[in-house]
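Every number here is computed from the coordinates shown, using simple stated rules; none is lab data. A quick note: this is a predicted structure, and the numbers were derived from the prediction, not measured. Here the Cβ positions follow ideal geometry from the backbone for every residue, glycine too, while neighbour counts run over all protein chains shown.
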Amino acid sequence: MYRRERKSAVARMGAPAPAVARRLRSPAGRGSPYCGTMQLSDSFGRVGTDLRVSLTDRCNLRCSYCMPAEGLPWLTGPEVLTDDEVVRLVGVATGLLEVTEVRLTGGEPTLRAGLPALVARIAGLRPRPRISMTTNGLSLSRLAAPLAAAGLDRVNVSLDTVRPAAFSQITRRDRFDDVVAGLAAAATAGLAPVKVNAVLVRGVNDDEAPELLRWCLQRGYQLRFIEQMPLDAGHTWDASTMVTAPEILAGLERHFRLEPVVGRGSAPAELFAVDGGPARVGVIASVTAPFCGACNRVRLTADGQVRTCLFAREESDLRTALRAGASDDELARRWVTAMAGKKAGHGINDPAFVQPTRSMSAIGG
Ligand code: SF4
């Protein structure tokens, strides 16, 4: 279904690139001996410097707010970018488009075969981006050390509860202990700060915020609560069932003293010092307190589509151009053109809001 969105994005490819080019050599030197760095700027003056790269749409959990128990029709092999193509496009982003942060996501990125080798190639790019990964943590006991050695800088681990029964209820898998062991392995491997992302689900773990925070504080993990967003595969999200940021904060403030930390910048999480600090907790209030005005994020899907926003309804196809022999400069210009059309915000609170066709598991965190 979302092929229709690509067509309209491709139709816009003709639009002239708004960016200002500075003369530098192409990272891979393909097709254009000289090309300049450009910025992924949009018409609101925001600049994309944080690239989220989905390495697969597959996942080994079945979180109830994300996908059905039976999973989804996964992308097939040829649809998915190869390691060479991922490294090439990330190289274009970091070498020509001034991207400085690369976040590896999924689905579940650790399901990607040969992940440490891919991370090492991304870490070998110059300029070198900061590399982080959003993972469900199930495989970190095995992979944390080799990923750190390969150049991964830090991880965000999704963990919505510290109650094994609630974990099984939310994820439909009895793998709580594996996540706990994975978190410890990440800390031991030096993938710091180890951040924990938690979604509260009404009627399941919506009373658990203080317990989750206490558990993370005891282990030195930085906890961030994320409001559930309308990106589920079943399109059943309902604002009335979402646990809101004010509710989360109210629950925490019954047990902790929280003070806002100034200087958020483009970070999604609003941070609070806990009991005077230095420990902090974060709240990502995408729905009730959107932060799109300072957004510096851009996404690349596992099948080579540029998404300018998590909630974009249009995508720009880089994979076809790449496989057709486009130069680094051409790929960069397509990316710049796509970014120029980025919308002001997600529009979730607009009556006309339409949830994107592509679900969270195929976009990445
Ligand atoms: S919803 Fe879109 S524009 Fe807003 S912060 Fe997220 S990615 Fe950026």
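Relative to the longest principal axis of the Cα atoms of the chain, the long axis of helix 328-340 lies at roughly 60 degrees.
The distance linking region 70-133 with region 149-181 is 22 Å (Cα centroid to Cα centroid, whole angstrom).
Restricting the calculation to Cα atoms, region 113-161 yields a radius of gyration followed by a Dmax of 11.2, 39 Å. Running a GNM on the chain with Cα contacts under 10 Å, which residue among Arg88, Arg214, Arg323 ends up with the highest mean-square fluctuation? In the Gaussian network model the winner is Arg323.
Here each label is just a point 7 Å from Cα along the line to Cβ, and for Asp206 and Val354 those points are 3.0 nm apart. Amide H to amide H distances under 5 Å link Met133 with Leu104, Arg154, Val155, Asn156, where only residues 5 or more positions off or on other chains count and H is placed in the peptide plane. Evaluated with a Cβ-only charge set (Lys, Arg +1; Asp, Glu -1), the chain carries a dipole of roughly 1100 debye about its Cα centre, given to the nearest 20.
I want to verify a result. In a Gaussian network model of the chain, Cα cutoff 10 Å, which of these has the top mean-square fluctuation: Ala267, Ala338, Ala198? Comparing Ala267, Ala338, Ala198 in the GNM, the peak value goes to Ala267. Once both labels are positioned 7 Å from their Cα atoms along Cα-to-Cβ, the gap between Glu85 and Asp174 label points is 4.0 nm. Of all beta bridges that DSSP places with both ends in the chain, some 40 percent have antiparallel geometry. The calculated FRET efficiency for Ala239 paired with Arg126, based on their beta-carbon distance and R0 = 56 Å, is about 0.80.
Its DSSP H runs of at least 4 residues, each contributing -39,500 (n - 2.57), put the calculated 222 nm mean residue ellipticity of the chain at -8500 deg cm²/dmol, to the nearest 500. Nearest 0.05, what FRET efficiency do Arg163 and Ala344 give at R0 = 41 Å with Cβ-Cβ as r? That pair, Arg163 with Ala344, gives E of 0.55. Spacing of the modelled spin labels on Ala294 and Thr76, each 7 Å from Cα toward Cβ, amounts to 4.5 nm. As an equivalent ellipsoid, the chain spans semi-axes of 33, 22, 20 angstrom, where each value is the square root of five times an eigenvalue of the C-alpha gyration tensor, largest first. Take the Kirkwood radius over Cα pairs of region 216-365, plug it into Stokes-Einstein at 37 °C and 0.692 mPa s, and you get 187 µm²/s for translational diffusion.
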